[in-house]
Ligand SMILES: Nc1ncnc2c1ncn2[C@@H]1O[C@H](COP(=O)(O)OP(=O)(O)OP(=O)(O)O)[C@@H](O)[C@H]1O
Ligand SMILES: [Mg+2]
């Protein structure tokens with residue numbers, strides 16, 4: 001479903017450009033939850049950003065194919081409308097815009113791109129209510145401004161409500177578990193399962209901890225270090241990393 | 001202000017940022033035409049205006065408010081040529097003046113609000129909020145003069161200006177001018193000029209909003225403060241839509 005081949009990307013920094021992704025290859029098949037783990041600064045968020053087309057990065061080599069299309073040819077909003085969703089490590093606050101307005105316009109903008117009819121206000125509200133309930137989020141939160149005044153955990157939960165409403169084919173979730181309390185972690189994990197566990201969907205799940213993986217059981221686990229995938233295995237690889245740490249596992253790789 | 005005997009020049013404080021050529025095209029008669037409105041004790045008035053077209057335009061209002069009177073003025077200034085709204089308000093005891101203004105547009109045009117608020121008696125309040133959104137080499141100005149006479153104690157006068165520039169060639173100017181002779185006075189004013197929040201733009205794109213829709217939503221949010229005090233929903237929508245329709249011509 002997603003195929004990343006020998007991807008190289010640099011970031012525009014103060015001292016010129018800096019290589020971050022250095023020949024990263026990865027394949028995620030439909031129906032799969034693929035966890036990505038790796039040390040701080042390895043390039044996990046950069047990978048997520050580059051996949052979604054965030055400005056400020058330059059692709060210097062390699063290719064990304066998503067559902068048979070050249071992903072890198074598409075603008076960010078076109079990638080979203082093609083079924084790609086990014087759960088942000090740090091969700092952005094948008095003062096003056098309510099979640100309801102934002103998500104309704106976003107969904108209808110996606111539907112328009114795909115040649116589908118827009119949802120009416122009533123249809124949208126029903127959908128939003130269902131997804132908020134799924135994530136055990138109070139509907140009042142959705143009437144508030146996007147992420148403004150939300151706690152760290154509430155922002156992450158709101159990201160998953162957004163994912164539920166937009167119903168993507170492929171989700172890149174960047175540390176969606178960070179900032180969540182123990183109960184919220186379970187709710188969010190189960191939300192991911194219910195929204196994304198399907199034969200025609202897939203997830204790239206960036207995380208530092210086993211706890212989320214206990215709920216969202218990954219099919220594959222890869223280690224990203226210094227801009228490359230250096231090891232891929234089954235769910236047991238995450239358990240080994242948790243036990244032994246990156247240094248030991250990487251030394252064996 | 002007395003009538004002008006000759007056309008204004010840039011040396012006149014209130015015309016400092018004006019498009020003097022365009023003012024000349026309006027002519028002296030138009031420039032000296034003031035609409036006078038007097039509100040008696042406790043009376044209220046709400047005016048909502050969309051101004052600006054393809055030729056220079058000038059709206060001059062002189063408001064005199066009696067004790068406890070309240071005047072609300074909301075304006076979308078979306079001229080494609082020089083468009084100036086000038087207001088002189090004299091406030092009686094405990095009166096209130098509420099002003100919400102938007103200037104929006106590209107091209108080369110100057111759009112401006114020029115207000116003179118005279119707190120002539122104690123306990124009057126005034127609140128002015130202007131938002132300016134410009135692109136190309138378009139300009140938005142807010143010249144706001146506040147005068148508080150010696151015995152106008154417990155005056156509360158606020159002015160707030162924010163400019164949003166979508167392109168580097170555009171400009172937004174705020175010129176607050178305070179003349180305060182009373183000592184028990186609250187007078188808050190703020191002015192900032194910035195650009196669209198890039199991280200918000202990417203966040204919106206990542207959710208599938210195309211660049212036009214994202215820009216429109218962010219501009220709408222930015223303009224919101226200018227019309228928060230406008231309770232008439234139909235008028236609120238009319239003024240906001242007029243502003244956002246003008247945005248259609250903006251580059252991204
Ligand atoms: N705009 C930038 N300018 C300079 N360096 C950058 C920029 N953006 C990212 N980097 C650097 O790129 C490297 C990878 O960052 P990235 O955020 O992708 O790491 P990560 O794997 O997500 O780490 P974490 O686990 O801490 O979230 C880091 O060394 C970071 O400092
Ligand atoms: Mg990261």
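Which residue out of A:180, A:212, A:173 is in contact (Cβ under 8 Å) with a residue 40 or more places away in the chain and within 16 Å of ligand 1 (Cβ to nearest atom)?
Values: A:180 fails: in contact (Cβ under 8 Å) with a residue 40 or more places away in the chain; A:212 fails: in contact (Cβ under 8 Å) with a residue 40 or more places away in the chain.
Going through A:180, A:212, A:173 in turn, just one is in contact (Cβ under 8 Å) with a residue 40 or more places away in the chain and within 16 Å of ligand 1 (Cβ to nearest atom): A:173.
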Unmet requirement for residue A:13, which otherwise passes all of (1) away from chain B (no Cβ under 14 Å); (2) under 18 Å from residue A:228 (Cα atoms); (3) within 11 Å of ligand 1 (Cβ to nearest atom): (2)
Do we find a residue being touching a helix residue (DSSP H, G or I) at 6+ places or on another chain (Cβ under 9 Å), modelled with pLDDT of 95 or more and away from chain B (no Cβ under 14 Å) anywhere in segment A:106-122? yes
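Out of all the residues in segment B:135-158, is one or more under 30 Å from residue A:111 (Cβ atoms) and either assigned to a helix (DSSP H, G or I) or in contact with a helix residue (DSSP H, G or I) (Cβ under 6 Å, 6 or more places away or on another chain) (or both)? First the steps, then the outcome.
Our first condition is that a residue be under 30 Å from residue A:111 (Cβ atoms); within segment B:135-158, this holds for B:135.
From the residues that got through so far, the ones that are either assigned to a helix (DSSP H, G or I) or in contact with a helix residue (DSSP H, G or I) (Cβ under 6 Å, 6 or more places away or on another chain) (or both) too are none.
For segment B:135-158, residues under 30 Å from residue A:111 (Cβ atoms) and either assigned to a helix (DSSP H, G or I) or in contact with a helix residue (DSSP H, G or I) (Cβ under 6 Å, 6 or more places away or on another chain) (or both): absent.
Taking segment A:46-59, which residues are more than 13 Å from chain B (Cβ to nearest Cβ) and either within 13 Å of ligand 2 (Cβ to nearest atom) or part of a loop (DSSP other than H, G, I, E, B) (or both)? Step through it out loud before you land on a result.
Initial filter on segment A:46-59 (more than 13 Å from chain B (Cβ to nearest Cβ)): A:46-47, A:58-59.
Matches in segment A:46-59: A:46, A:47.
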What tally of residues in segment A:74-87 results from selecting those that are in contact with a strand residue (DSSP E or B) (Cβ under 8 Å, 6 or more places away or on another chain) and more than 7 Å from every other protein chain (Cβ to nearest Cβ)? 6
Hey, among B:162, B:147, which residue is within 14 Å of chain A (Cβ to nearest Cβ), surrounded by 17 or more Cβ atoms within 10 Å (Cβ to Cβ), in contact (Cβ under 8 Å) with a residue 24 or more places away in the chain and in contact with a strand residue (DSSP E or B) (Cβ under 7 Å, 6 or more places away or on another chain)? B:162
Residues within segment A:26-44 that are in contact (Cβ under 8 Å) with a residue 40 or more places away in the chain, surrounded by fewer than 17 Cβ atoms within 10 Å (Cβ to Cβ) and either within 14 Å of chain B (Cβ to nearest Cβ) or within 16 Å of ligand 2 (Cβ to nearest atom) (or both), tallied: 1
Given the options B:33, B:41, name the one that is more than 14 Å from the chain's Cα centre (by Cα), modelled with pLDDT under 95, over 26 Å from residue B:137 (Cβ atoms) and not in a helix (DSSP H, G or I). B:33
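Taking residue A:148 as the residue in question, decide whether it is more than 9 Å from every other protein chain (Cβ to nearest Cβ), in contact with a strand residue (DSSP E or B) (Cβ under 8 Å, 6 or more places away or on another chain) and over 30 Å from residue A:24 (Cβ atoms).
Details: more than 9 Å from every other protein chain (Cβ to nearest Cβ): yes; in contact with a strand residue (DSSP E or B) (Cβ under 8 Å, 6 or more places away or on another chain): yes; over 30 Å from residue A:24 (Cβ atoms): yes.
When the stated conditions are applied, residue A:148 passes them.
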Let me spell it out: the conditions are (1) out of contact with any strand residue (DSSP E or B) (no Cβ under 6 Å at 6 or more places or on another chain); (2) under 30 Å from residue B:122 (Cβ atoms); (3) within 14 Å of chain A (Cβ to nearest Cβ), and residue B:225 meets all of them except one. Which number is the exception? (1)
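Go over the candidates A:107, A:47 one by one and state the one that is within 16 Å of ligand 1 (Cβ to nearest atom) and buried (at least 22 other Cβ atoms within 10 Å of the Cβ). Steps first, please.
Numbers: A:107 fails: within 16 Å of ligand 1 (Cβ to nearest atom).
After ruling out the rest, the residue left standing is A:47.
Is it true that residue A:95 is at the interface with chain B (Cβ under 9 Å from one of its Cβ atoms), out of contact with any helix residue (DSSP H, G or I) (no Cβ under 6 Å at 6 or more places or on another chain), in contact (Cβ under 8 Å) with a residue 24 or more places away in the chain and surrounded by fewer than 17 Cβ atoms within 10 Å (Cβ to Cβ)?
Numbers: at the interface with chain B (Cβ under 9 Å from one of its Cβ atoms): yes; out of contact with any helix residue (DSSP H, G or I) (no Cβ under 6 Å at 6 or more places or on another chain): yes; in contact (Cβ under 8 Å) with a residue 24 or more places away in the chain: yes; surrounded by fewer than 17 Cβ atoms within 10 Å (Cβ to Cβ): yes.
Spelling it out, residue A:95 is indeed at the interface with chain B (Cβ under 9 Å from one of its Cβ atoms), out of contact with any helix residue (DSSP H, G or I) (no Cβ under 6 Å at 6 or more places or on another chain), in contact (Cβ under 8 Å) with a residue 24 or more places away in the chain and surrounded by fewer than 17 Cβ atoms within 10 Å (Cβ to Cβ).
Please work out if residue A:64 is assigned to a strand (DSSP E or B) and either surrounded by 19 or more Cβ atoms within 10 Å (Cβ to Cβ) or at pLDDT below 95 (or both).
Values: assigned to a strand (DSSP E or B): yes; either surrounded by 19 or more Cβ atoms within 10 Å (Cβ to Cβ) or at pLDDT below 95 (or both): yes.
In short, yes.
The values are calculated or read from the model by the stated rules, or taken from the named source; none is laboratory data. Everything quoted here is computed from the prediction, not taken from an experiment. Virtual Cβ from ideal backbone geometry, glycine too; neighbours counted across all protein chains shown.
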